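The values are calculated or read from the model by the stated rules, or taken from the named source; none is laboratory data. Every value quoted in this text rests on a predicted model; they were computed, and no experiment measured them. So basically every Cβ, Gly included, is an ideal-geometry build from the backbone, and we count neighbours across all protein chains shown. For the accessible areas, the whole protein counts, side chains as well, though only heavy atoms, and no ligand, DNA or RNA atoms are used. Shrake-Rupley method; radii C 1.70, N 1.55, O 1.52, S 1.80 Å.
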Amino acid sequence: MIDTNLLSFPEEKVQKLMMHYKEILAILGEDTEREGLLKTPERVAKAMLTLTRGYDVEPREVLASAKFKEDYRQMVIVKDIDFFSLCEHHMLPFYGKAHVAYIPNGYITGLSKIARVVDIFSHRLQVQERMTTQIKECIQETLNPLGVMVVVEARHMCMQMRGVEKQNSITTTSDFTGAFSQAKIREEFMNLINR
């Protein structure tokens, strides 16, 4: 977990965002000089830079930085990877768990790097469907495994707080390549993540 108080942000970006958030508060009818709101534009600016920090990192480089030759050809699963993202349509959070599997083809990667790839893609303005595919493609292109499968389960605040207001709905997306085209292998993966 990253301590956001230790993150450094480009001052120019912070200042520009602060100016816009102060204007938004005024448009909403708030007194921007009210004590409780004096530091809000700065806090929101830094929060947005934290929530979108995935634009500054190349996920393929992260995977490749811990790529090891290994003659292992069975399924590798990293499941229950917590993530938080922002829906690009309303800029409201969606959050949940990602489950990722791959079948190595001569190379493996550090297990934490799989979670980092999820983290990088989730820290961008997103839609769940695209994020699922981006994670899959990144692993496939970098490691060239026999197959990759990604399942993402999420709750969307844009559905819970506004619009349809359905608090208990969960959206599940999946994408796969290679060996996971076989129903038997997909079923094994699903059984393992649902234990």
Restricting to the range 49-75, what's the tally of residues that are buried (at least 16 other Cβ atoms within 10 Å of the Cβ) and in contact with a Phe, Trp or Tyr (Cβ under 7 Å, 6 or more places away or on another chain)? 4
Which one is modelled with the lowest pLDDT among residues in the range 158-192 that are of a type in the set (A, V, I, L, M) and either surrounded by fewer than 17 Cβ atoms within 10 Å (Cβ to Cβ) or part of a strand (DSSP E or B) (or both)? 164
Go through the range 48-98 and give me each residue that's among the basic types (Lys, Arg) and part of a helix (DSSP H, G or I). 53, 60
Residues (of a type outside the set (Lys, Arg), within 15 Å of residue 77 (Cβ to Cβ) and either open to solvent by 10 Å² or more (accessible area, probe 1.4 Å) or in a strand (DSSP E or B) (or both)) located in the range 99-113: 99, 100, 101, 102, 103, 108, 109, 110, 111, 112
Can you tell me which residues in the range 34-44 are open to solvent by 90 Å² or more (accessible area, probe 1.4 Å) and under 24 Å from residue 9 (Cα atoms)? 38, 39, 43
If a residue has to be out of contact with any Asp or Glu (no Cβ under 9 Å at 6 or more places or on another chain) and surrounded by fewer than 21 Cβ atoms within 10 Å (Cβ to Cβ) to count, how many in the range 116-127 make the cut? 1
Checked the range 6-39 for anything hydroxyl-bearing (Ser, Thr, Tyr) and more than 20 Å from residue 90 (Cα to Cα); matches are 8, 32
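Results for (1) more than 22 Å from residue 121 (Cβ to Cβ); (2) open to solvent by 80 Å² or more (accessible area, probe 1.4 Å); (3) modelled with pLDDT under 95, shown as yes or no for each residue.
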position	(1), (2), (3)
3	no, no, yes
9	no, no, yes
22	yes, yes, no
29	yes, no, no
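Under 11 Å from the mean Cα position of the chain (by Cα) and at pLDDT 95 or above - does that describe any residue in the range 100-108?
No, every residue in the range 100-108 fails to be under 11 Å from the mean Cα position of the chain (by Cα) and at pLDDT 95 or above.
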Which one of the conditions (1) under 18 Å from residue 62 (Cα atoms); (2) of a type in the set (A, V, I, L, M, F, W, C); (3) modelled with pLDDT under 95 does residue 81 fail to meet, given that it meets all the rest? (3)
